[in-house]
Each structure stands twice: as structure tokens, then as C-alpha cells.
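A short worksheet on the structure shown next.
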Amino acid sequence: MTPFTKHRGIVATLSRANVDTDAIIPKQFLKSIKRTGYGPNAFFDWRYTADGQPDPKFELNQDRFAGRSILATRNNFGCGSSREHAVWALAQDGYRVIIAPWVERDGKRLPGFADIFRSNTTKNGILAIELPETDVDTIFASVAEHHGLEATVDLTSQQLILHSPEPAVFHFDIETSAKDQLLKGLDGIDLTLAHADAIDRFERDHETWL
């Protein structure tokens with residue numbers, strides 16, 4: 001997995017809350033036994049018309065988002081089933097960073113991401129950033145005003161810098177273990193192999209009859 005330290009890219013916006021994993025990668029694409037080829041099918045039902053052409057009404061098909069690698073969206077992104085294919089599709093479609101807000105509703109804090117989806121992003125080299133809703137609103141407004149707006153995400157300093165005419169800086173929190181895993185580019189197998197000596201020792205010394 002490619003380590004994530006710092007990334008600069010164009011920011012695209014998807015102003016939809018509760019985007020579930022079936023919307024990110026519909027069920028008909030889960031039959032593949034390979035882990036590749038999902039990118040073009042990300043957001044398939046929204047992205048294409050019935051005849052298979054890009055739907056101009058879908059936000060992410062706009063020309064100004066060509067080459068985007070950072071996605072700003074609304075809260076509870078990645079809800080629904082636990083399919084890791086949703087993250088594979090986003091990664092293969094070119095996204096390195098996804099931004100979503102936590103929101104306050106009726107005295108309750110609603111998260112930016114579904115828990116399993118967030119965990120899957122870390123396993124696949126995507127940085128999921130949760131910010132207050134007001135910060136994400138600012139990002140949406142800036143992207144709408146400045147076509148091709150870019151941002152830099154520095155994982156070491158945990159900062160997102162929006163390169164608008166008057167740059168805005170946002171600080172984000174991240175679990176220490178997730179940060180370390182992304183910085184080192186470690187997937188689940190790499191994390192297991194870090195304990196290879198202990199595993200070998202156990203397999204050599206334990207009583208097999210137990």
C-alpha cells in the first residue's frame with residue numbers, strides 16, 4: 001500500500017448525506033473474484049444514463065471536477081453494508097481523501113462516516129477526514145466559487161489547507177493507530193507480518209495436540 005504523508009489535489013463535492021455502500025458500488029459489481037476494475041463503476045446508478053453514457057446531471061461528472069482526487073461530501077458517508085468493495089471503487093476512481101462532517105441533530109452527534117467504512121478506508125490507503133459541519137460548508141462554498149480549487153492534506157500535521165484566494169486551514173483528528181498505518185503504508189497483511197517472529201515462535205513451540 002502506498003504510504004500517505006501529504007497529498008495535493010482538486011476537490012470535488014457531492015452534496016448528499018447518507019450515501020450508502022450500494023450507491024458507491026452497486027451489488028451487480030460484487031461478483032468479480034478480482035480486486036480490480038471497480039473505479040469506472042463507482043456511483044454507477046448516478047454516474048451513467050440508461051444507455052451507459054455519463055449523466056451530465058450527476059455532480060461528479062462536471063468538467064471542473066476532472067482529475068479530482070479529494071471528495072467532500074455530507075454526513076454518514078459509507079453507511080449500509082460493510083462491503084470493502086466500496087472503498088476499492090473510490091480508490092480506483094482516483095480518490096485519496098474523503099471529507100465528511102459530523103453534525104449535531106436534536107442533541108445528538110451524527111458521525112461523518114459509518115464505522116466500518118472508515119476502517120476500510122485506512123486499510124486501503126484513503127484518508128477519511130471528519131470535520132465540523134461549518135467547516136465542510138466552507139469547503140463546499142469555496143469549491144462552488146472557485147473552479148478547479150485544490151487542497152493540500154498533510155497527515156503528519158493533521159491539517160487540510162484549502163488553496164482559495166484567501167487560504168483556509170482546517171485541523172482534523174485521527175486515531176493514532178490509523179495515522180501510523182497510513183503514514184507507513186501498511187495494509188492488514190503488513191500489520192500481521194510485523195509479528196512474523198512471534199507467529200513463527202508460536203507455531204514452533206505450541207502443543208499441536210491441544
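Please treat every number below as a calculation from the coordinates, not as lab data. All values derive from a computational prediction rather than experimental measurement. Cβ coordinates were reconstructed from backbone atoms using ideal geometry, including for glycine residues, and neighbour counts include every protein chain displayed.
Of note:
- Order by protection proxy (mean Cβ within 10 Å, highest first), peptides 161-173, 58-70: 58-70, 161-173
- Estimated 222 nm signal from helices in the chain, with DSSP H stretches of n ≥ 4 weighted -39500 (n - 2.57), rounded to 500: -8000 deg cm²/dmol
- Exposure proxy ranking, count of Cβ atoms within 10 Å, fewest first, for Tyr48, Tyr38: Tyr48, Tyr38
- Value of Rg to Rh for region 6-205, rounded to two decimals, is 1.01; Kirkwood radius and Rg both from alpha-carbon coordinates.
- Mean separation of Cα contacts under 8 Å (6+ apart) over length of the chain, as relative contact order %: 25 percent
- If you wrap the tightest convex hull around every Cα atom of region 31-96 and split its volume per residue, you get 116 Å³.
- DSSP bridge orientation in the chain - percent antiparallel, rounded to nearest 5: 55 percent
- Residue (of Ser157, Thr36, Leu182) at the positive-pole extreme of region 6-205, dipole from beta-carbon charges: Thr36
- Note on the chain: with a GNM built from Cα contacts shorter than 10 Å, the maximum mean-square fluctuation among Thr156, Thr21, Thr121 falls on Thr156.
- Charge tally in the Cβ shell below 13 Å around Gly80, where Lys, Arg are +1 and Asp, Glu are -1, Gly80 excluded: -2
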